[in-house]
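K.L.:
Dropping the structure in here first, questions after.
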Amino acid sequence: MSNPYTGPHNTPYPAPPPPGEPAPRWARKRYVLPALGLALFIGMGVGAGGGQTTNDAKPASAAPRPTVTVTATATTTATPPAKEPEPAPTVTATKTVKVTTTVTAQPAAGGGADDSGSEGGGDVYYANCSAVRAAGAAPIHRGEPGYASHLDRDDDGVACDT
């Protein structure tokens, strides 16, 4: 028995036309349509070509033409400088300080003992350092008249030193 799938009548394609005769219409489409499709896809690939554009070609309007230059001038008028304000009047406050000098009696010889031992043997007493400065006696050293321990805050032997 012979193979049923082989033979002149069992092929899916019809027999080619004899030489010299034109091919049937459907045969022409078999070659032309795929070629057109391939050209379409190649053209799309070239057109999308990475998005890079070059500006090598100069536009036709690049020929030199006369240019128009507009120059604007502005005129400003200067206003005279404003008068400087006069300075405010100076107010001087004067404070009068009254200095009182208190003289204390010295103990009688041998009549008593000096409690602090660091008090000056003087006959001048100052209530505070402002009074010492007003009298022009600042600074007072230990042992000088007017020295007192309440005037020497840091106990270094110099009263009203600052």
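K.L.:
Using a 1.4 Å probe, how large is the accessible area of Lys29, given in Å² and rounded to the nearest 10?
P.N.:
Its accessible surface works out to 120 Å², give or take rounding.
K.L.:
Then there's this: Tell me, what is the 1.4 Å probe accessible area of Val97, in Å² to the nearest 10?
P.N.:
Roughly 100 Å² of Val97 is accessible to a 1.4 Å probe.
K.L.:
I've got another one for you. Give me a comma-separated list of calculated 3J(HN,Hα) values for the stretch 127-139, in order, Karplus coefficients 6.51, -1.76, 1.60 applied at θ = phi - 60°, integers in Hz, x for any Gly or Pro.
P.N.:
Each residue's phi maps through the Karplus curve to give 6, 7, 5, 5, 5, 5, 5, 5, 7, x, 9, 7, x Hz.
K.L.:
Mind ranking 150-159, 86-95 by how tightly packed they are, going by the mean number of other C-beta atoms within 10 angstrom, highest first?
P.N.:
The peptides rank, most packed first, as 150-159, 86-95.
The values are calculated or read from the model by the stated rules, or taken from the named source; none is laboratory data. Computed from a predicted structure; not experimentally measured. Every residue, glycine among them, receives a Cβ derived from its backbone with ideal geometry; neighbour counts consider all protein chains shown. Protein only, heavy atoms only, side chains kept; ligands, DNA and RNA dropped before computing areas. Shrake-Rupley method; radii C 1.70, N 1.55, O 1.52, S 1.80 Å.
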